[in-house]
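Colleague: Below: one structure in structure tokens.
The values are calculated or read from the model by the stated rules, or taken from the named source; none is laboratory data. For clarity, every value in this text was computed on a predicted model and none was experimentally measured. For neighbour counting, all protein chains shown are included, and Cβ atoms are generated from backbone atoms with ideal geometry for every residue, glycine included. Side chains are part of the model used for accessible areas, which takes the heavy atoms of the whole protein and leaves out ligands, DNA and RNA. Shrake-Rupley method; radii C 1.70, N 1.55, O 1.52, S 1.80 Å.
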Amino acid sequence: MKTTAVRLYGEKDLRLESFELPEMKEDEILVKIISDSVCMSTYKLVQQGDKHKRVSESLSEHPAVIGHELSGIIVEAGSRWKDKYQKGMKFTVQPEVTIGGVSRTVGYNYGAYGGDSTYSILPAEVMETGSLILFKGESFFEASLSEPASCIIAGYHRMYHTSKTSHQHIMGVKEQGSQIILGACGPMGLECIDYALQIDNGPSLIVAVDVSDERIARAEKMLKPEDDTKKLIFVNSGKLEDPVEELRALTAGYGYDDVFVYAPVRALIEQADKLLAEDGCLNFFAGPVDQSLSAEVNFYNVHYARTHTVGFTGSTNEDLYEALRLMEEGRIHPTVMVTHIGGLESAVDTTLNVPGIPGGKKLIYPHIDLPLTAIEDFRKLSEKDELFGRLADSCDRHQGCWNAVAERILLEHYQVDLTK
């Protein structure tokens, strides 16, 4: 079986190439990749190459297929798995697996398995660890987005608060508390808002901070509280004379119980620290490329106000199942993250230039031939190609968002066979 894939050979060395997959073993599964969402983590991997923490072998000798936010269909299961997995089943994966204390991650460590490929072979450890996850959703892209959504959920589950009368850590964001999100209108920040709006016993006040009026306007259009138990406020901090004082004023000076930081910027981290209320928890959710990134923290408050900081990368299987369940129930809408779609040939340039491409998540469909295209450009492009008119109409019916109907139109246009 031949596949076409984007493989990483070293620092900023991405190559789109076709090659023969190894013969599938009895404990492996052959799959067809239908969608993959480009993650900022992959950009950071590409920038660092062999220096990246998750790379375990020389990339020049063992190039890795990139992409870990993937979904697709099962083509053939090895004899060990035939009773459990059948041809045509839809799937997504938990990217990181741990066997015998050793962790490996799709998109970082495998030469024949990754999201930016037409076909891949799932190694035995994916099934053995329960990391192959079946789903019955209408679209493939939502399954791809379940991975970043699960990372958001993991971040919420890592938050904690303390007590003055016991040493117990109370996990999760504070019930009916105040929450602020810095860098809120990027793709992951948007989903952080989305999850906050639906979480049971979550915050009653959510302040979403960004520095772009355009991004804020898009977020306000897509994200609104469903009832009056939650209050959502958008703020452009670039227009504030004293951001800390004015943002604290929204809580009558109390500060915020839960603070999420979605950009690896020292000044932003230090601002977040100053926004913490007593027993406030700061979640640094922006994995930096700079391994020496540091920021000043007020240790007087650590001691007397019990402020604290958490961080986490990735998610657990439970987080991923929760993301899929909430999407099936229509409670979270990760599609708010998506602003572009493209085919496999656009994956190299897209991955190399993620920070410089405006907007949010970029979806790659490995079996279509399409340059990376912004959803907001569909209507203009329809003047020359009726496909984009149909896609634009579908997105207009979904508040400007990519959706299952649009995906189906795209796959049918390019005659992507979902049966083999």
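Colleague: Please list 3J(HN,Hα) in residue order for the stretch 297-305, calculated via the Karplus relation 6.51 cos²θ - 1.76 cosθ + 1.60 where θ = phi - 60°; whole Hz, with x for glycine and proline.
Modeller: Each residue's phi maps through the Karplus curve to give 10, 7, 7, 4, 6, 4, 7, 8, 10 Hz.
Colleague: Please work out how much length the chain gains when fully extended from R80 to V348, using 0.36 nm per residue of separation minus the C-alpha to C-alpha distance, in nm with one decimal.
Modeller: Going from the current span to full extension adds 93.0 nm.
Colleague: Another question about this same structure. What number, in percent, do you get for the relative contact order of the chain if the mean sequence gap of Cα pairs under 8 Å and at least 6 apart is divided by its residue count? The partial results should precede the final answer.
Modeller: Values: 925 pairs, mean separation 68.2, N = 420.
Normalised by residue count, the contact order of the chain is 16 percent.
Colleague: Helix-only mean residue ellipticity at 222 nm, the chain, DSSP H runs n ≥ 4 weighted -39,500 (n - 2.57), per residue, nearest 500. What is it?
Modeller: Computed mean residue ellipticity for the chain: -8000 deg cm²/dmol.
Colleague: May I pose another question? Determine ³J(HN,Hα), in whole Hz, for all residues of the stretch 282-292 in sequence, where each value follows from phi through the Karplus function 6.51 cos²θ - 1.76 cosθ + 1.60 and θ = phi - 60°; x replaces Gly and Pro.
Modeller: 9, 9, 8, 9, 10, x, x, 7, 6, 6, 10
Colleague: Moving to a separate point now. What do you get for GluC sites (Glu not before Pro) in the stretch 198-261 restricted to DSSP loop and a cutoff of at most 16 other Cβ within 10 Å of the site's Cβ? Each step should come with its number before you reach the end.
Modeller: On the way: sites: E214, E220, E226, E241, E245, E246; in loops: E226, E241.
Counting only loop positions with at most 16 other Cβ atoms within 10 Å, the GluC sites (Glu not before Pro) in the stretch 198-261 are E226, E241.
Colleague: Per 20 Å bin from zero, what fraction in whole % of the C-alpha pairs of the chain is there, up to the bin with the longest pair?
Modeller: All Cα pairs considered, the percentages come to 26, 56, 17, 0.
Colleague: Please report the accessible area of S131 (heavy atoms, 1.4 Å probe, ligands and nucleic acids excluded) in Å², nearest 10.
Modeller: Approximately 0 Å² for this residue.
Colleague: Report, to the nearest 10°, how far helix 141-158 tilts away from the longest principal axis of the Cα atoms in the chain, using its own Cα long axis and a range of 0 to 90°.
Modeller: Helix 141-158 and the main axis of the chain meet at about 30 degrees.
Colleague: Please state the relative contact order of the stretch 246-359 as a whole percent: Cα pairs under 8 Å, 6+ residues apart?
Modeller: Working: 112 pairs, mean separation 21.6, N = 114.
Dividing the mean separation by the residue count of the stretch 246-359 yields 19 percent.
Colleague: Provide the solvent-accessible area of R379, counting protein heavy atoms only and rolling a 1.4 Å probe, rounded to the nearest 10 Å².
Modeller: Accessible area of R379: about 110 Å².
Colleague: Under 1.5 on a/c is rounded, so check that first for the stretch 191-287, then, if it is not, pick prolate when a/b is larger than b/c and oblate when it is not; a ≥ b ≥ c are the square roots of the alpha carbon gyration tensor eigenvalues.
Modeller: Cα axes put the stretch 191-287 in the rounded bin.
Colleague: HN-Hα J couplings of the stretch 340-346 from phi, Karplus 6.51/-1.76/1.60, θ = phi - 60°, integer Hz, Gly and Pro as x?
Modeller: 9, 10, x, x, 4, 5, 8
Colleague: Taking only protein heavy atoms and a 1.4 Å probe, what accessible area per residue, in Å², does the chain have with all protein chains in place? Mind showing how you got there, number by number?
Modeller: Working: 18840 Å² over 420 residues.
For the chain, the solvent-accessible area averages 45 Å² per residue.
Colleague: I'd like the orientation of helix 187-198 relative to the chain: the angle between its Cα long axis and the longest Cα principal axis, in ° from 0 to 90, rounded to 10.
Modeller: Helix 187-198 sits roughly 70 degrees off the main axis of the chain.
Colleague: Once you have the Kirkwood Rh of the stretch 337-402 from its Cα pairs, apply Stokes-Einstein at 25 °C and 0.890 mPa s and quote D in µm²/s.
Modeller: Reported coefficient: 202 µm²/s.
Colleague: Could you give the distance between the Cα centres of the stretch 206-240 and the stretch 268-324, to the whole Å?
Modeller: Answer, in whole Å: 21.
Colleague: So, one more: Taking 1 over the mean of 1/r across every pair of different Cα atoms in the stretch 270-420, what Kirkwood radius in Å do you get?
Modeller: 19.0 Å is the Kirkwood radius here.
Colleague: Given a 1.4 Å probe and every protein chain left where it sits, what share in percent of the accessible area of the chain is carbon and sulfur?
Modeller: 49 percent
Colleague: To the nearest 10 Å², what's L16's accessible area with a 1.4 Å probe?
Modeller: 70 Å²
Colleague: Relative to the longest principal axis of the chain, what angle (0 to 90°, nearest 10) does the C-alpha long axis of helix 213-222 take?
Modeller: Approximately 80 degrees, to the nearest ten.
Colleague: Find, among the trypsin sites (Lys or Arg not before Pro) in the stretch 4-47, those assigned to loop by DSSP (not H, G, I, E, B) with at most 15 other beta-carbon atoms within 10 angstrom.
Modeller: K12, K25
Colleague: Quick one: which residues, 5+ away or cross-chain, put their amide H under 5 Å from the amide H of G137? H built at 1.01 Å from N.
Modeller: Placed amide hydrogens put nothing under 5 Å from G137.
Colleague: How many angstrom lie between the Cα centre of the stretch 341-365 and the Cα centre of the stretch 36-109?
Modeller: Comparing the Cα centres of the stretch 341-365 and the stretch 36-109, I get a distance of 19 Å.
Colleague: Which percent, to the nearest 5, of DSSP beta bridges fully inside the chain are antiparallel? Write down the numbers at each step before the final one.
Modeller: Numbers: 39 of 68 bridges.
So the antiparallel bridges amount to about 55 percent of the total.
Colleague: List the lysines whose Cα lies under 24 Å from the Cα of K224, skipping any in the same chain that are fewer than 8 positions away.
Modeller: Cross-link targets: K174, K239, K361, K362.
Colleague: If you don't mind, there's one more thing I want to ask. Using the structure shown, select from K25/K136; K12/K51; K25/K82; K2/K32; K2/K51 the pairs with a Cα to Cα distance greater than 20 angstrom.
Modeller: Violating the 20 Å limit, Cα to Cα: K25/K136; K2/K51.
Colleague: Can I ask one more? Work out how much length D228 to D377 would gain on full extension: take 0.36 nm times their residue separation and subtract the Cα-Cα distance, in nm to one decimal.
Modeller: Net length gain for the segment: 50.1 nm.
Colleague: I've got another one for you. Which residues' amide hydrogens lie under 5 Å from the amide hydrogen of K231, considering only partners 5 or more residues apart or on another chain, with H built in the peptide plane?
Modeller: Amide H neighbours of K231: L205, I206.
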